[in-house]
Amino acid sequence: MRFGTLDINEIAAAAPEIDGYGTEPLSLKNAQVLNVTSEVSAAGSDALLPPAMNPSIPPYVECTVMVFPDSPWGPFTTGELRLVGRAGFRPRARTFKTYVDNPKAAAELARRWGFPAVPGKAMLHPRHERIVVEINDERGRRVLDAEMMDREPISGSEIQYIASMHLARNRADGKLVLVQVDPEYVFTKVDRGFSHFIYIDQEAWGTKGLLSLTNPIISTWAQCEVILPKVRYVCDPNRNALESTVKVG
Amino acid sequence: MLPPKEETTAMKFGIFFELSVPRPWTRDSERIVYENALEQAALADEVGFDYAWAVEHHFLEEYSHCSAPELFLTAIAMKTKRIRVGHGIVVCVPEYTHPIKVAERTAVLDILSRGRLEVGTGRSATWCELGGFRANPDETKKTWDEYVHCLPDMWTKERYSYQGRVWSMPERAILPKPYQKPHPPMWVAVTSPGTEIDAADRGMGALGISYDPLPVQEKKLQEYRRHIKNCEPVGQVINNNCAALTFLFCNEDDKFAIKQGTGMFMQFGLLANQIVMCREAYPTKAYASAGLLPAVRSQAQGPSDNAGVPEGVAIGDPERIVKTLKKWESAGFDSINFLTQAVEMIPQEQVLNSLRLFGKHVIPHFKREQSAAQGAAREDVAAAGGR
């Protein structure tokens, strides 16, 4: 089996500090979630996954934009790019960055769940024939453009969102861990459509030019409640997740 | 309409080939896997197995390098005398294989095997494969249905023409014709919930290919038996057989067998889970199940006996395996197919020994003991003759 070959030291400095694993779940109602997916070349993607993870066959990326109109920290949006792989038996995605437009929300997402939060803004522009996705960094510079086209309604039961793996440093012992974050979703409305990635600034996302988009898969848009969960599992980023995963909550 | 064939034995047994090839790959890796598999099939024929099935998979790195099963099954047929060779399955999606080619190549294999072919049909469950062929996952159930309704006439009519939704052809003679008359038995791969009903409604055998625990498969079997009484057969003969799939590793030393067998089981599950299934990547009601994945997980984590063998899995010494398979038999299954190897983690000599022991000490417990459940089910359908 193939394993990720990413040198964790390369990204360790940017890993947020997580304040233990005792966070309580957080319900975020009336959210919108837009997910755009595309296969990527296996040649480069192995080097973007930590050794704890295996590349999926085929590897693919997900751009996920979430709009939260209400939260304990006020409204906020997130824009992420993730590479889907496996942690042992399970589909899991490494999150490259999470652009967040609300500093309080960004700090809490990083502190409680290890999100690699950085300042920026994600936007959804719904139109009749497509939804346009834009993610900008804090200077307003575009880091990702994508579209979901020809949307059509489907059932929420047809969607399977992939849980994330966040590289974080545990404040208590200073150790680097991959934190598994698997939100729950309660759907009220779901559409799917064609995927179209227009632009990815690989430097901004830290993907070192290794992401080569090869085959668009599909996009989904959902109106839903997102429940950020308790942290339940962490693993050593440098060891096979099958052997190093620990239950912490 | 011909009634189902009279069976002379109760439980039948098959060997099921995925042909997984572990990394690192060398020039000889695939050759060794294929040659080992042929040796296993030849031995299975000798020791009393009834079927040798081969999957059709494409692009599934390490998990399965069996992309041309018609060739592999032909090689098995050439090396064996008695064992039936089965497509487990032919993918009935036009982007993979045109229906005319399916009819032709299965007929050739049936001739070369002297009427030993079983034709399993299906539609693929992975995004890796469907996406690779640029097939539309929303369409595969429909294309499969069209294929299976066409195949019997393509096999049996002197000349055939067709105008359908997915494909069409002007009148031509599709040649050659299968050796078996009226045609080879047809099966449906059953993974997604409800496919067992699709199989029953069409008078086709239910070929279990997911690694569901016994209670799950038993429930599917009951649904199948209930529906097939009122089937509208697609073919000229009803195949009312239900087959399940599990793992086999038999050894004189029970503890050793459990260690090796559960290791194979877990390794296979791990490998299967690296593949992007359709449901993971492409939301559609056409794929309600995540394929093999949840089944492998639940069986890996589900109930097991005191020795740690997952329920229904044929791992252990012959005595333990007989006990396990009696449960499948009692549930009313007609046959059990076995994966006997995964990523070559079990040395070939141990696999061969496992097959020998199974033939010598397990199979005799199941010959000429037609169970009441199987007998009753067959009689019901025979009396009905389909609808």
Item checked: Buried on assembly, region A:74-108 (at least 10 Å² less accessible surface than by itself, 1.4 Å probe) -> A:R86, A:G88, A:F89, A:R90, A:P91
Check: Which is farthest toward the positive dipole end of region A:8-247 among A:G22, A:A146, A:P229, measuring Cα position about the Cα centre, with Cβ charges +1 (Lys, Arg) and -1 (Asp, Glu)?
Finding: A:G22
Note to self: I want to verify a result. In a Gaussian network model of chain A, Cα cutoff 10 Å, which of these has the top mean-square fluctuation: A:D173, A:D236, A:D191?
What the structure shows: A:D173
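So which of B:K177/B:K229; B:K12/B:K326; B:K12/B:K323 end up more than 18 Å apart by C-alpha? Before the final figure, lay out the partial values.
On the way: B:K177/B:K229 29 Å; B:K12/B:K326 12 Å; B:K12/B:K323 15 Å.
From B:K177/B:K229; B:K12/B:K326; B:K12/B:K323, over 18 Å: B:K177/B:K229.
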Note to self: For chain B, set up a GNM with springs between Cα atoms under 10 Å and report which of B:A77, B:A68, B:A103 has the largest fluctuation.
What the structure shows: B:A68
Note to self: If I build a Gaussian network model for chain A, linking alpha-carbon pairs within less than 10 angstrom, which residue out of A:H128, A:H166, A:H196 has the largest mean-square fluctuation?
What the structure shows: A:H128
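Indicate the gyration tensor shape class of region A:101-249 (rounded, prolate or oblate), computed on the Cα atoms with a ≥ b ≥ c the square roots of the eigenvalues: a/c under 1.5 is rounded; otherwise a/b larger than b/c is prolate and the rest oblate. Walk me through the numbers on the way to the answer.
Values: a/c = 1.77, a/b = 1.43, b/c = 1.23.
Prolate.
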Margin query: If you average the alpha carbon positions of region A:5-59 and of region A:86-163, how far apart do those two centres end up, in angstrom?
Written below: 12
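Quick one: grab the alpha carbon gyration tensor of region A:178-249, order the square roots of its eigenvalues as a ≥ b ≥ c, and give me rounded if a/c is under 1.5, else prolate or oblate depending on whether a/b is larger than b/c. Let's see the in-between values first.
Values: a/c = 2.61, a/b = 1.18, b/c = 2.21.
Judged from the Cα gyration tensor, region A:178-249 comes out oblate (a/c at least 1.5, b/c at or above a/b).
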Item checked: Volume per residue of the C-alpha convex hull in chain A, rounded to whole Å³ -> 115
Notebook entry, point to check: Tell me, what % of the accessible area of region B:244-283 is carbon and sulfur with a 1.4 angstrom probe?
Noted result: 55
Checklist line | Using a Förster distance of 51 Å, the FRET efficiency for B:R82-B:R134 (Cβ separation, nearest 0.05) | finding: 0.80
Next item on the list: Compare each residue of region A:187-234 in its chain alone against the assembly with all protein chains, and report those whose accessible area goes down by 20 Å² or more; 1.4 Å probe, heavy atoms.
Entry: A:R192, A:N215, A:I217, A:I218
Notebook entry, point to check: Between region A:195-249 and region B:212-232, what's the alpha-carbon centroid distance in Å?
Noted result: 39
Next item on the list: Please compute P(r) over all alpha-carbon pairs of region B:65-210, binned at 5 Å starting from zero, and give each bin as a whole-number percent.
Entry: 2, 10, 19, 22, 22, 16, 8, 2, 0
Next item on the list: Please turn the phi angles of region A:104-111 into ³J(HN,Hα) values with the Karplus equation 6.51 cos²θ - 1.76 cosθ + 1.60 (θ = phi - 60°), one per residue in order, whole Hz, x for glycine and proline.
Entry: 5, 4, 4, 5, 5, 4, 6, 5
Note to self: At a threshold of 8 angstrom on Cα-Cα distance, excluding pairs fewer than six apart, so keeping six or more, what relative contact order does region A:8-247 reach in percent?
What the structure shows: 27
Next item on the list: Over region A:8-247, average the accessible area per residue using a 1.4 Å probe and give it in Å², no decimals.
Entry: 39
Note to self: Let me check the size of the protein assembly as shown from its C-alpha atoms; what are the radius of gyration and Dmax in Å?
What the structure shows: 26.2, 79
Note to self: Would region A:1-85 count as rounded, prolate or oblate if I go by the C-alpha gyration tensor, calling it rounded below 1.5 in a/c and otherwise prolate when a/b exceeds b/c, oblate otherwise?
What the structure shows: oblate
Checklist line | Interface size B-A, as summed buried accessible area [1.4 Å probe, Å², nearest 100] | finding: 2500
Check: How much of the accessible area of chain A, probe 1.4 Å, is carbon plus sulfur, in whole percent?
Finding: 51
Next item on the list: Determine the residues within region B:262-290 where the difference in accessible area between the chain on its own and the full set of protein chains amounts to at least 20 Å²; count protein heavy atoms only and use a 1.4 Å probe.
Entry: B:M266, B:L270, B:N273, B:Q274, B:V276, B:R279, B:E280, B:A281, B:Y282, B:P283, B:K285
Next item on the list: Quote the relative contact order of chain B in percent (integer), defining contacts as alpha-carbon pairs under 8 Å separated by 6+ residues.
Entry: 22
Check: Under a 1.4 Å probe, what is the accessible area of chain B per residue, stated in Å²?
Finding: 38
Check: If you project the alpha carbons of region A:52-154 onto their three principal axes, what span does each projection cover, largest first, in Å?
Finding: 38, 36, 28
Next item on the list: Could you rank B:Y287, B:Y34 by how accessible they are, 1.4 Å probe, largest area first?
Entry: B:Y34, B:Y287
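Assuming 0.692 mPa s and 37 °C, estimate D for chain B with Stokes-Einstein, Rh taken as the Kirkwood radius over Cα pairs, in µm²/s.
Working: Rh = 20.8 Å.
For these conditions, the coefficient is 158 µm²/s.
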Note to self: Let's test this: bin the Cα-Cα distances of region A:94-187 at 5 Å from zero up to the farthest pair and state each bin's percent.
What the structure shows: 3, 11, 16, 17, 21, 16, 10, 4, 2, 1, 0
Notebook entry, point to check: Counting each DSSP H run of 4 or more residues in the protein assembly as shown as -39500 (n - 2.57), what helix-only mean residue ellipticity at 222 nm follows after dividing by all residues, to the nearest 500 deg cm²/dmol?
Noted result: -8500 deg cm²/dmol
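The values are calculated or read from the model by the stated rules, or taken from the named source; none is laboratory data. Small disclaimer: the values here were computed from a predicted structure and weren't measured. When we count neighbours, we look across all protein chains shown, and the Cβ atoms used for this are built from the backbone with ideal geometry, even at glycine. Quick note on the areas: whole protein, heavy atoms, side chains included, nothing else; ligands and nucleic acids left out. Shrake-Rupley method; radii C 1.70, N 1.55, O 1.52, S 1.80 Å.
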